[in-house]
Structures are given as C-alpha cells and as structure tokens.
Amino acid sequence: MTVDVLTHDEETASATTEAPAVATDEATVTESASPSASEGSPEPAEEEAPKPKRGRPKGAATASTAKKTRTVELTLTVTGTADGEWQAELKNGSKWVAKGLEIPAAAVSRAAKELHSDLSGPIDEVINQAREAQAAKVAALEAELEKAKQALAELDA
C-alpha cells in the first residue's frame, strides 16, 4: 500500500504495465489519500496544483544574492635578455600605463621571490646564466686589456 498521489494518466499507465490487482490497490489507496476524493467531489486528481520544483528557479526573475566583486585587469610583463638587461611593461585593461622601463636584475629576482617560489627558481636560473656570461665577457676583456697594455709598453721602450 502506498500513499503517493497519482494522476489519472499515471493510474492508467500503471494499470497497463503492472498486474491489474496491484494497479487497483494503488488506485484505491491513492483515491482515499486524495483530498478531493474524501469530499466526494467528482473532479479527477489531475486538477491538483503542480508540486513546486526542487532547487533554485531559473530565469531573470531571480537575482543572484552573491556579492559581486570588481576585478581589475593589470598585466605586468617583465622581459630579460641573455645579457641581463630587464624591462617591464604595465597594461591596465587595453591601455598602456608604462612601456620599456629598465629594471635591475636584482629587483626582478626579489620580486619573483616575493610572489612565489615556483617563479623565483626559473628567473634566478636565467639571471645566473646572464651573470656567468657577463663574467666570461669581463675575463675576455681583461685579457685583451692586458695584451693592449703589453703592446703599449713595448712601443714605449
């Protein structure tokens, strides 16, 4: 025995798909549970108001209660060269705020460490490679300077 409310169409469908004795029991119980059947009203059960759907209603009539946060789109681009020269550009939406600002490599390294460790590792590798390249360049220039000094000393003697 169930206490579900069935419409006339559902009673007919259950009568055709199930054994007639079971469908008759359900129909009898359903009719006795229906308020219109207890009053003796000739209206069928399908005249009842539809059940409200579960969940949030969809559509423009329901406004979101979530707090909308204003986001600002700032794009900071930091570029570096193999020689260790770094530049920064800042964009607010589609408008340029600053372009081609020269910044020291040490400032880039400090900023990367402040932002996140995943950023500082690769940036420090690039800075270290540039440092090694510059050190090699200084060594080569010092060797060339020493040769030039020796050549000058031979000319003076």
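The values are calculated or read from the model by the stated rules, or taken from the named source; none is laboratory data. Here the structure is a predicted model, which means the values were calculated and not measured. All Cβ positions, glycine included, derive from the backbone under ideal geometry; neighbour counts span all protein chains shown. Calculation scope for accessible area: heavy atoms of the full protein, side chains included, ligands and nucleic acids excluded. Shrake-Rupley method; radii C 1.70, N 1.55, O 1.52, S 1.80 Å.
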Search the stretch 126-139 for residues being closer than 14 Å to GLY80 by Cα and open to solvent by 90 Å² or more (accessible area, probe 1.4 Å), and hand back the single one that is nearest to the chain's Cα centre (by Cα).
-> GLN129
Any chance you could count how many residues in the stretch 92-111 are more than 14 Å from THR79 (Cβ to Cβ), of a type in the set (Gly, Ala, Ser) and loosely packed, with under 11 Cβ neighbours inside 10 Å?
-> 3
Within the group GLU142, GLU146, which residue is at pLDDT 95 or above, out of contact with any Pro (no Cβ under 7 Å at 6 or more places or on another chain), acidic (Asp, Glu) and open to solvent by less than 100 Å² (accessible area, probe 1.4 Å)?
-> GLU146
State whether the residues of the stretch 68-86 include one that is open to solvent by less than 70 Å² (accessible area, probe 1.4 Å), over 18 Å from ILE123 (Cβ atoms), hydrophobic (A, V, I, L, M, F, W, C) and out of contact with any Cys (no Cβ under 6 Å at 6 or more places or on another chain).
-> no
Which is charged (D, E, K, R) and under 28 Å from the mean Cα position of the chain (by Cα), of LYS149, LYS95, LYS51?
-> LYS95
Does the stretch 112-125 contain any residue that is in contact with a Leu (Cβ under 7 Å, 6 or more places away or on another chain) and surrounded by 12 or more Cβ atoms within 10 Å (Cβ to Cβ)?
-> yes
Cβ pairs under 7 Å, 6+ apart, first in the stretch 80-109 and of a type in the set (Gly, Ala, Ser), second assigned to a loop (DSSP other than H, G, I, E, B) and surrounded by 15 or more Cβ atoms within 10 Å (Cβ to Cβ) = ALA105/GLY84
